[in-house]
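Engineer: Structure below; questions to follow.
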Amino acid sequence: MDTQPENSEDNAPVEPRSDPSKPNEEVLPDDAAEVLARILGKRPPPEAGEHRSGFVALVGRPNVGKSTILNALVGTKVAITSHRPQTTRRRILGIRATPEAQAIFVDTPGIHRPKDALGRSMLRAARGAIPDADVVVWVVDVSTPPGGMDRSVASVLCRSERPIVLALNKSDKLRPELVAERTEVYRALVDDTPDWMLTIATTGHSLERLWELIVAHLPPGPPLYPEDQFTDQSERMLVAELIREAALHVLHQEVPYGLEVVVEEWQQREDGLISIGARLIVEHDRHKGIVIGKRGRTLKRIGTRSRREIELLLAEHVYMDLFVSVREDWRRKERDVQRLGYD
Ligand SMILES: Nc1nc2c(ncn2[C@@H]2O[C@H](COP(=O)(O)OP(=O)(O)O)[C@@H](O)[C@H]2O)c(=O)[nH]1
Ligand SMILES: [Mg+2]
């Protein structure tokens, strides 16, 4: 064995590590920032010219603002949002690239107690995103105290041993005198994470600072996706989702929860318009009439509302044809759920 005696004269160079005559910061070892960052669960700040990249999972219970945060950070609507819980059904990638970092955000359906086959597929998508993430952003609605569902999400996150950034969202709805107390209550559920931010996703307030907290956890590396790519969804999927979003806003009662949209036709016409044909699938016969409305008025409103968003997305003029059909109870049937593209 080629062990050497400790303190051997040959163990050069032996620089004195501390000099009492100098102020403390000068005697910190060179890698102090790195060591400290590691203790705090962070990586050191990027060196000049260093690029970072990685996966970021957005998790939390339904309706807390995950998709709104994603769209604001990406700068394009990659995930539809609504005031209804469980608007996001699939795992959706949204990519944000700056000169320093590329983050691939994984927006997930809210973690909830599944009631049917669609719900089970959504829950798998939500949980599946966590182990692959370099950072997990736990989004909560800070205007309400944590409930049972928040506590179970928190314990799943703690067990995952991923770095956690806490987004205390909807802080516009929180009374100022409650801010300190509420912040503590949520932080306590995730081992008092040092990385938290009070955010307002709808106005973008503090989202840039949230971004900095996220980037601090990304590993060094080159961009993982082409720099102009902002999602993994095809244009067809984005268009189908924008139609579903319009329907979620226009329709009332229970109809929207059982609604799915499939784009069936897509043609570049000679007059320059893009002609899109889409089918709205409902789960009960009685819902069909509701979606169509008196003299087709409701369907027309869905078309007008979504066309505006679709034209923004495609930067082209669009002609749309919407159809409605019934697939009885599709959400409860594993096979129908799979056929519509949920794994
Ligand atoms: N007041 C307020 N509303 C918000 C905020 N963030 C999101 N929302 C609204 O909350 C609802 C749910 O948002 P969404 O992003 O779909 O939630 P998700 O289910 O977690 O993806 C939508 O109506 C949003 O406009 C916020 O910071 N403040
Ligand atoms: Mg969502």
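Engineer: Within region 74-85, which residues are surrounded by 23 or more Cβ atoms within 10 Å (Cβ to Cβ) and more than 12 Å from ligand 1 (Cβ to nearest atom)?
Structural biologist: none
Engineer: As an exercise: evaluate Gly49 against (1) within 15 Å of the chain's Cα centre (by Cα); (2) away from ligand 1 (no atom under 13 Å from the Cβ); (3) over 24 Å from Val156 (Cα atoms) and give the number of the one condition it does not meet.
Structural biologist: With respect to (1) within 15 Å of the chain's Cα centre (by Cα); (2) away from ligand 1 (no atom under 13 Å from the Cβ); (3) over 24 Å from Val156 (Cα atoms), Gly49 is out only on (1).
Engineer: Is it the case that region 99-110 has a residue that's more than 9 Å from ligand 2 (Cβ to nearest atom), within 17 Å of Trp138 (Cβ to Cβ) and out of contact with any helix residue (DSSP H, G or I) (no Cβ under 7 Å at 6 or more places or on another chain)?
Structural biologist: Taking every residue of region 99-110 in turn, at least one turns out to be more than 9 Å from ligand 2 (Cβ to nearest atom), within 17 Å of Trp138 (Cβ to Cβ) and out of contact with any helix residue (DSSP H, G or I) (no Cβ under 7 Å at 6 or more places or on another chain).
Engineer: Do we find a residue being buried (at least 21 other Cβ atoms within 10 Å of the Cβ), under 23 Å from Leu259 (Cβ atoms) and within 11 Å of ligand 1 (Cβ to nearest atom) anywhere in region 147-169?
Structural biologist: The answer is no; no qualifying residue exists.
Engineer: Scan region 122-131 and give yes if some residue there is in a helix (DSSP H, G or I), of a type in the set (A, V, I, L, M, F, W, C), away from ligand 1 (no atom under 15 Å from the Cβ) and in the same structural domain as Lys173 (by TED's automatic domain parsing), otherwise no.
Structural biologist: no
Engineer: A further question follows. What helices (runs of 4 or more DSSP H) lie completely within region 197-315 and have 3 or more residues being over 28 Å from Val326 (Cα atoms), assigned by TED's automatic domain parsing to the domain that holds Leu118 and at pLDDT 95 or above?
Structural biologist: Result: 207-215.
Engineer: Give the residue that is nearest to Ala167 (Cα to Cα), with candidates limited to residues of region 193-243 that are in contact (Cβ under 8 Å) with a residue 60 or more places away in the chain and small (Gly, Ala, Ser).
Structural biologist: Top of the filtered list is Ala201.
Engineer: Could you say which residue among Thr98, Thr88, Thr68 is within 12 Å of ligand 1 (Cβ to nearest atom) and closer than 16 Å to Leu207 by Cβ?
Structural biologist: Thr68
Engineer: Just a yes or no: is a residue in region 107-116 assigned to a loop (DSSP other than H, G, I, E, B), within 12 Å of ligand 1 (Cβ to nearest atom), crowded, with 24+ Cβ neighbours inside 10 Å and touching a residue at least 24 places away in the same chain (Cβ under 8 Å)?
Structural biologist: Yes, region 107-116 has at least one match.
The values are calculated or read from the model by the stated rules, or taken from the named source; none is laboratory data. These numbers come from a predicted model, not from an experiment. A quick note on method: Cβ atoms are made from the backbone with ideal geometry, for glycine too, and the neighbour counts reach across all protein chains shown.
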